[in-house]
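Following: one structure in structure tokens, then a few remarks.
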Amino acid sequence: MLSFAASTRHVTRSQLLRAARRSYATESTSKKPSNLPLYLMGAGVAGLGTYFYLNSTGKSVITQEKSPLDPENFKDFKLKKIVPYNHNTSEFIFELPNNEASLLPVASCLVVRSSDPEALKDEKGKPIIRPYTPISPPEKQGELTLLIKKYDNGNASKHIHGLKEGDTLAIKGPIPKFPYKVNEFEEVALIGGGSGITPLYQIVTHALSNASNRTKFTLLFSNVTEADILLKSELEALQKKYPTKFNLVYMLDKPPAGWTGPTGYISKEVLQQHVAPASLNERVKVFVCGPPGQVAAVAGKKAGMKQGELGGILKELGYTEDQVYKF
């Protein structure tokens, strides 16, 4: 699917259509044109503008005026289905009204809280709010999927895992993170641990699905055991489909017998072996997401919601703050 963004406040609809047709003609190959719709989105995280697509005949079809999500206010969404993933993680599929798509920009996340503000509070009596990155694509109609791991000391995750189909959860967003652009970098390294895979998965699936993508991705994904690896089948399917554009490397703290991959903590040697060098300058980008201790060791501590100073192994290897982004 080829995605384009333009603000309907600054260009006319006819101009937008002509631009889309030119781009479609340029990026099409000699193969039979795809029947997948070509989405054009109004700019702005609030979902302003008109959202429509061009079908294979070139006709525009209005699909929705804005995202059903609200970046300023919490809205309740019904839990449609729960799909257990492993021993402590499940997919929570929420229903989007009128079969609409979320239209979330990449990369961005959502924040959630209990639909009943009194049901989930911290020790100071304030509602507990937590960020999550959806694993469903922005154009997925009617559904929004969160992959959530249950933590023994995680009040929000325990609350969500206690929901039943038909219950609701209050969701606000999108919360913009990194504005990813196709082919902005030659090499991208994704360094993740545990449930920190979700924003990295959001980026790589978005980028690889674009037929014009030339960027090479390497995912270095650290977990305790093989059973803890989230999105394993999905990641391996991507590697099989894009063997020259996506390199997948698992690391385990407690590997099974016969394990041939890296083990233990992410080290300087492992990063040197698998991550493109800092000498590529603006041609390389490193995204990091995982437990706070891992992020600090690899790239330095975050300063709350801000990036904080670059530190850790990546700084030792000569990377700059412009080359590294911490989710």
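For PRO138, state whether it is closer than 17 Å to LEU230 by Cβ and open to solvent by less than 30 Å² (accessible area, probe 1.4 Å). Don't jump to the end; show me each part of the working.
Numbers: closer than 17 Å to LEU230 by Cβ: no; open to solvent by less than 30 Å² (accessible area, probe 1.4 Å): yes.
Criteria not met by PRO138.
Yes or no: segment 282-296 includes at least one residue that is outside any strand (DSSP E or B), open to solvent by 30 Å² or more (accessible area, probe 1.4 Å) and farther than 26 Å from VAL106 by Cα. No - not one qualifying residue is present in segment 282-296.
So which residues in segment 161-179 are more than 15 Å from ARG113 (Cα to Cα) and open to solvent by 40 Å² or more (accessible area, probe 1.4 Å), if there are any at all? Of everything in segment 161-179, those that are more than 15 Å from ARG113 (Cα to Cα) and open to solvent by 40 Å² or more (accessible area, probe 1.4 Å) turn out to be LYS164, GLU165, GLY166, PRO176, LYS177, PRO179. Residues in segment 237-280 that are outside any helix (DSSP H, G or I) and within 20 Å of ALA207 (Cα to Cα): TYR242, PRO243, THR244, LYS245, PHE246, ASN247, LEU248, VAL249, VAL275, ALA276. Annotation for segment 149-163: no member residue is within 23 Å of GLU100 (Cβ to Cβ), out of contact with any Leu (no Cβ under 9 Å at 6 or more places or on another chain) and part of a loop (DSSP other than H, G, I, E, B).
For ALA227, which of the numbered conditions (1) surrounded by 19 or more Cβ atoms within 10 Å (Cβ to Cβ); (2) part of a helix (DSSP H, G or I); (3) of a type outside the set (Val, Ile, Thr) fails to hold? Every listed condition holds for ALA227 apart from (1). Among the residues of segment 93-133, just one is touching a residue at least 60 places away in the same chain (Cβ under 8 Å) and surrounded by fewer than 18 Cβ atoms within 10 Å (Cβ to Cβ), namely VAL111. Taking the conditions exactly as written (part of a loop (DSSP other than H, G, I, E, B) and under 21 Å from ASN281 (Cα atoms)), does VAL188 satisfy them or not? No; evaluated as a whole, the condition is false for this residue.
Name the residue, out of SER233, SER157, that is of a type outside the set (A, V, I, L, M) and more than 17 Å from the chain's Cα centre (by Cα).
Values: SER233 fails: more than 17 Å from the chain's Cα centre (by Cα).
When all the criteria are applied, what remains is SER157.
Of the residues making up segment 239-281, those that are β-branched (Val, Ile, Thr) and either touching a residue at least 60 places away in the same chain (Cβ under 8 Å) or open to solvent by 60 Å² or more (accessible area, probe 1.4 Å) (or both) are THR244, THR260, THR263, ILE266, VAL275. I'd like the residue in segment 297-327 that is open to solvent by less than 20 Å² (accessible area, probe 1.4 Å) and under 19 Å from the mean Cα position of the chain (by Cα) and, out of all such residues, is nearest to ILE197 (Cα to Cα). The residue in question is LYS326.
The values are calculated or read from the model by the stated rules, or taken from the named source; none is laboratory data. Predicted model only: the values in this text are computed from it and were never measured. Note: ideal-geometry Cβ built from the backbone for every residue, glycine included; neighbour counts use all protein chains shown. To get the accessible areas, we keep the full protein, side chains included, count just its heavy atoms, and leave off ligands, DNA and RNA. Shrake-Rupley method; radii C 1.70, N 1.55, O 1.52, S 1.80 Å.
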